[in-house]
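Worksheet: the structure to be examined is printed underneath.
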Amino acid sequence: MTGADAVGAAAPGFSVAGVRLLGVVSALPRRRLENEAFVERLGAEAVADVVKMIGVESRYWVEDGQTASDLCFAAAQRLLAALDWDPASIDALIFVSQTFDQRLPATACVLHGRLGLASHCQAFDVGLGCSGYVYGLWLAASLIAAGCRRVLVLAGDTISRVVDPSDRATALLFGDAGSATAVEHAAEAPPAYFVLGTDGAGAANLIIPGGGFRQASHDPRRPAGMDPEHLFMDGGEVFAFTLRAVPKLVQDTLKRAGRSADQVDSFVLHQANQFMLRHLAKKIGAPERVPINIDRFGNTSSASIPLVLTNDLAARLVAEPVRLMLVGFGVGYSWGAALFDADPLGCAETVSA
């Protein structure tokens, strides 16, 4: 693996050879909410105005007591069965989320036990959201480069549990989902390319200020009386960050891989906002190769990229080789992209949990 900041490096980022994506399963809760469900609280006009911008027509929310780990567990069970993977053969489990079961222990350890993985299997949490799936794949690739043979990346969030139901900016936007991705050592696999970055100066623009061990500070942008354990988003600032960061991220990743945009079969972007995605697709120069499904699922945070893979691209991914660029960006601010060639997958599907 070579890093971007090394002397003489040609471009930002990292390359990892010998890693192959074998399958992806997403899991959705059974409760589907259409926009009409929000009219009584927010008003028909307010709902229509927000939907016009974000483009969400429906989303799936968990029931009381159901967690992100439950969704990821269902996805992982289906994935292991589809690939015929022996749980004892898995060397690492990475759980990517911002809605963990408890403060401690790590939810990855709980999932390790539920899945019956072996004691040699390392398991750990990664507290990232919108960019988290790409970070999870990079960590999996890095572990394989270090000697692991099989890694499970479980990524999911239940943001519905932390939105203020009276905050139209967030209540209408977010959906819940989980995912499981199988990554394996394959000596013949060509390099995968990763570019990752952070701008912590934007952390306060997408934040749940309460619920941790630091007292929530006053932010005049938050509506009066908003619970500090509810999600606050400054949509304008997040939108501006995205337009600054994502086109450059795509170009840096192409440069790192020595590719041009027309050599990528599909750009899979985090499903943040429909208007934003269409604008970014034009900036990238590939509007017909940027699938959008936020209208059906909402913004599902760390699970949004795998949801595109298991819905919009599933038929193609199991039938033929596909060159993918996955692009995550948002809370933190944090961003990451991965460019790699995917052989026909053994599994790409969505299940209910």
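The numbers here are math on the coordinates, done by the rules we state, and not lab data. From a predicted model like this one, the values you see are computed outputs, not experimental measurements. Using ideal geometry, Cβ is built from the backbone for each residue, glycine included, and neighbour counts are taken over all protein chains shown.
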request  = Please give the FRET efficiency for Ala224 paired with Arg259, using the beta carbon to beta carbon distance and R0 = 51 Å, rounded to the nearest 0.05.
outcome  = 0.55
query = Computed FRET efficiency, Cβ-Cβ of His120 and Arg289, R0 35 Å: what is it to the nearest 0.05?
reply = 0.30
inquiry  = How many angstrom lie between the Cα centre of region 30-60 and the Cα centre of region 150-198?
reply    = 23 Å
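As a footprinting exposure proxy, order Arg222, Arg32 by other Cβ within 10 Å, with the fewest listed first.
Values: Arg222 18, Arg32 14.
The order, fewest Cβ neighbours first, is Arg32, Arg222.
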ask   = Residues with amide H under 5 Å of Val268's amide H, sequence separation 5 or more or different chain, H placed in the peptide plane at 1.01 Å from N; which?
value = Met325, Leu326, Val327
ask   = If you take every DSSP beta bridge whose two residues both sit in the chain, what share of them, in percent to the nearest 5, is antiparallel?
value = 65 percent
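So what is the 222 nm mean residue ellipticity for the chain from helices alone, if each DSSP H run of at least 4 adds -39500 (n - 2.57) and you divide by all residues, rounding to the nearest 500 deg cm²/dmol? Mind showing how you got there, number by number?
Values: 11 runs with 107 residues, N = 353.
Taken over the chain, the calculation gives -9000 deg cm²/dmol.
Taking the Cβ of each residue in Met226, Met276 as the centre, tally the other Cβ atoms inside 10 Å and list the residues starting with the fewest. Mind dumping the intermediate values first?
On the way: Met226 16, Met276 23.
Listing Met226, Met276 from fewest to most nearby Cβ atoms yields Met226, Met276.
Starting with the fewest neighbours, write out Thr158, Thr350 ranked by other beta-carbon atoms found within 10 Å of each beta-carbon.
Details: Thr158 26, Thr350 20.
Fewest to most other Cβ atoms nearby, the residues stand as Thr350, Thr158.
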message = Between Ala81 and Glu320, how high is the FRET efficiency from 1/(1 + (r/R0)^6) when r is the Cβ-Cβ distance and R₀ = 25 Å? Nearest 0.05.
response = 0.60
request  = Just subtract the alpha-carbon distance of Ser217 and Glu188 from 0.36 nm times their residue separation and send over the number in nm, one decimal.
outcome  = 5.3 nm
query = For Leu309, what charge total do you get from the other residues with a beta carbon under 11 Å from its beta carbon, if Lys and Arg give +1 and Asp and Glu give -1?
reply = -1
remark   = Taking Cα atoms only, helix 274-284 is inclined relative to the longest principal axis of the chain by an angle, in degrees rounded to 10, of 40 degrees
query = In the neighborhood of Arg150, defined by Cβ-to-Cβ distances under 11 Å, what is the net charge if each Lys or Arg adds +1 and each Asp or Glu adds -1?
reply = -1
C-alpha long axis of helix 235-257 to longest principal axis of the chain, angle in ° = 10 degrees
request  = Among the aspartates and glutamates, select those whose C-alpha is under 19 Å from the C-alpha of Lys255, and discard any that sit fewer than 8 residues away in the same chain.
outcome  = Asp5, Asp265, Asp341
query = Which chymotrypsin sites (Phe, Trp or Tyr not before Pro) from region 174-227 combine a DSSP loop assignment with at most 14 other Cβ atoms within 10 Å?
reply = Phe213
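Mind checking region 155-244 for GluC sites (Glu not before Pro) that DSSP puts in a loop (not H, G, I, E or B) and that have at most 16 other Cβ atoms within 10 Å?
Numbers: sites: Glu184, Glu188, Glu229, Glu237; in loops: Glu188, Glu229.
Answer by residue number: Glu188, Glu229.
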query = On full extension of the chain, what length is gained from Ala44 through Ser58, given 0.36 nm per residue of separation minus the C-alpha to C-alpha distance?
reply = 3.5 nm
key: Rounded to 10°, Cα long-axis angle of helix 68-83 versus longest principal axis of the chain   = 30 degrees
